[in-house]
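**Q** The structure under discussion is supplied below as structure tokens; questions concerning it will follow.
The values are calculated or read from the model by the stated rules, or taken from the named source; none is laboratory data. These numbers come from a predicted model, not from an experiment. We place every Cβ from the backbone using ideal geometry, glycine too, and count neighbours over all the protein chains shown. The accessibility values were calculated without ligands, DNA or RNA, using every heavy atom of the protein model including side chains. Shrake-Rupley method; radii C 1.70, N 1.55, O 1.52, S 1.80 Å.
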Amino acid sequence: MAHRKCDDSVFAYKLSGTAMIFPFGVQFHAEQRLLVWRPRGLLDEKVVSDLVAALAQLEMELHEPFNRFSDTGGIEQVDLNYQYVISVALYRRFAYADRKPIKSAILATDPKFIHYAQIHALLTRGSPIDVRIFPDDRPAVAQWLDAPVELIAVDSTSSSMP
């Protein structure tokens, strides 16, 4: 099966009269103050960098906190290393240091990705970013984020490309 890059499509969200373009798999639900990220295919540094840039832009535009949900079930291959994951976690910790608390739920079942998520959670501990890693327990994610379970449910509109 060929792997498809996660950044081959975009979603848009209108902020301050202008459209903000999100990387593939990112949706922002304004009423619930929830960013949902569902990467598909190959997860590499470019995909993560695009997400981090979108988060920074949204945080700058909104000025109010919003929670995050990362559904890693569609990732088929991970091409990251520990040094990069550590640098992203530390960057996020310091970039978000003087803001109101938020929750970041990561749904992960792949052992390699779980290790990366654990590093991120460890390095953001004590900051306003409260990271929790969940096995395939979507109702628990929805409850912790105080979000409708429909937003956390499996995304049936996207599937892996052949």
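**Q** Over segment 88-162, what percent of the accessible surface lies on carbon and sulfur atoms, probe 1.4 Å?
**A** Answer for segment 88-162: carbon and sulfur cover 57 percent of the accessible area.
**Q** Continuing with the same structure: As a test of reading the structure, rank H115, H63, H29 by solvent-accessible area (1.4 Å probe, protein chains only), most first.
**A** H63, H115, H29
**Q** Can you give the FRET efficiency for V52 and Q77, using 1/(1 + (r/R0)^6), R0 = 25 Å, r = Cβ-Cβ distance, to the nearest 0.05?
**A** According to the calculation, E is roughly 0.80.
**Q** Let me cross-check T109: its accessible surface, 1.4 Å probe, with only protein heavy atoms counted, in Å² to the nearest 10?
**A** 100
**Q** A follow-up question, please. Run the accessible area of segment 28-87 with a 1.4 Å probe and give the carbon-and-sulfur part as a rounded percent.
**A** Roughly 50 percent of what the probe reaches on segment 28-87 is carbon or sulfur.
**Q** Another question, if that's okay. For a test of the definition: using alpha carbon positions, the gyration tensor, and the 1.5 limit on a/c, classify segment 25-77 as rounded, prolate or oblate.
**A** Oblate, since a/c reaches 1.5 and b/c is not below a/b.
**Q** Same structure again: Which loop-located trypsin sites (Lys or Arg not before Pro) does segment 108-142 contain, where loop means any DSSP state but H, G, I, E or B and the Cβ has at most 16 other Cβ atoms within 10 Å?
**A** Loop-located and lightly packed - R125.
**Q** Cross-link partners among aspartates and glutamates for K46, C-alpha distance below 12 Å, same-chain residues fewer than 8 apart left out?
**A** Straight-distance partners of K46: D7, D8, D79.
**Q** Return the tail of the calculated pair distribution for segment 88-162, meaning the percent of Cα-Cα pairs more than 17 Å apart.
**A** 53
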